[in-house]
Amino acid sequence: MTGERIQGNIFDIKRYAIHDGNGIRVTVFMRGCPLDCWWCHNPEGIRPRQAGQPGQSGQTTPHTSKAGQRSISVNELIQEVEKDLIFIDESGGGVTFSGGEPLMQPDFLINALEAFGKRYVHRTLDTSGFADTEVFASVLEHVDQVLFDLKLINEEEHAKYTGVSNDLILKNLRILDQSEKDVILRLPVIPGITDVESNIRAIGELVSTLENIDTLELLSYHATARAKYERLGVEFRMGDIVPVSERDLVSIKYTMESMGIKVIGGPE
Ligand code: SF4
């Protein structure tokens, strides 16, 4: 299928984004995610709760709510991004594919990434890493930067809080480590779930074994998504959990740094 005919299923396009990669970016939020994280900030981009499957070539996004959905062709997306090219170029920014999980729509994603590559627009992929390894490796060939989530190292805990095993994610992390890409690992710091000492240490130990990736960003949990859940009529499983304190973030940062990891984000 040609790039003009493949449609991407998205739920938002955010202009002037400054937290999704270098510089000023256009972030494309793609619908559908095989995970079901308790703390997800974009419930409109995921799906009703059921067992997930990793992204496969040709797969569309069946597991999605209807909120905000929109189809877009690669050409239409290019036109959207080109409106901001002046800011993108001046700031060293680009386009970021986020979600949901972009790897669930590999045909559209690869076509779009190729098209932006031909136009010299910097391309970032923001991913959970949960996809078939072949899909993951093919998409990697067309990106400049990867923001890769690391949530929980214990497999059972991962399954409990995200709905899927972390097996595939950890396998893809090794593939990513061998690529030449600019990579930032991202840890959502979720109180009582991902911030427990055993998980922080396990993440630190895992990252220490990587050959090329050494940067981890701490993403503080905040409860602002609660209103979205209420609007969508979906249970908000985080209850009244409050974000981790600045002091706890500093402690996580120190633990990671003591294990040789470069930490960005987190404490001011
Ligand atoms: S991987 Fe990201 S988009 Fe998917 S459910 Fe988890 S937090 Fe939400």
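The values are calculated or read from the model by the stated rules, or taken from the named source; none is laboratory data. On a predicted model such as this, the values are computed, not experimentally measured, just so you know. We place every Cβ from the backbone using ideal geometry, glycine too, and count neighbours over all the protein chains shown.
In table form, for the structure just shown:
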quantity: Pick from the stretch 195-233, criterion among the hydroxyl-bearing types (Ser, Thr, Tyr) and closer than 27 Å to Asn42 by Cα, ranking: modelled with the lowest pLDDT; calculated: Thr224
quantity: Selection from the stretch 112-131 of residues that are of a type in the set (D, E, K, R) and within 16 Å of the ligand (Cβ to nearest atom); calculated: Asp126
quantity: Criterion: within 29 Å of Val81 (Cα to Cα) and either within 16 Å of the ligand (Cβ to nearest atom) or surrounded by fewer than 19 Cβ atoms within 10 Å (Cβ to Cβ) (or both) - qualifying residue of Leu109, Leu152; calculated: Leu109
quantity: Within the stretch 149-166, considering residues that are touching a residue at least 60 places away in the same chain (Cβ under 8 Å) and not aliphatic (A, V, I, L, M), the one nearest to Leu187 (Cα to Cα); calculated: Lys151
quantity: Count of residues meeting criterion [free of Cβ contacts under 8 Å to residues at least 40 places away in the same chain, closer than 22 Å to Tyr161 by Cβ and either surrounded by fewer than 16 Cβ atoms within 10 Å (Cβ to Cβ) or more than 23 Å from the chain's Cα centre (by Cα) (or both)] in the stretch 229-261; calculated: 7
quantity: Unmet requirement for Thr60, which otherwise passes all of (1) modelled with pLDDT of 95 or more; (2) outside any helix (DSSP H, G or I); (3) β-branched (Val, Ile, Thr); calculated: (1)
quantity: From the options Gly100, Gly129, residue that is crowded, with 21+ Cβ neighbours inside 10 Å, at pLDDT below 95 and within 14 Å of the chain's Cα centre (by Cα); calculated: Gly100
quantity: Test set (1) touching an Asp or Glu at 6+ places or on another chain (Cβ under 6 Å); (2) in contact (Cβ under 8 Å) with a residue 24 or more places away in the chain; (3) not aliphatic (A, V, I, L, M) - Thr224 fails condition number; calculated: (1)
quantity: Some residue of the stretch 76-97 being within 16 Å of the ligand (Cβ to nearest atom), at negative phi and buried (at least 18 other Cβ atoms within 10 Å of the Cβ); calculated: yes
quantity: Tally, over the stretch 157-216, of residues that are touching a Lys or Arg at 6+ places or on another chain (Cβ under 6 Å), of a type in the set (Ser, Thr, Tyr) and surrounded by fewer than 20 Cβ atoms within 10 Å (Cβ to Cβ); calculated: 1
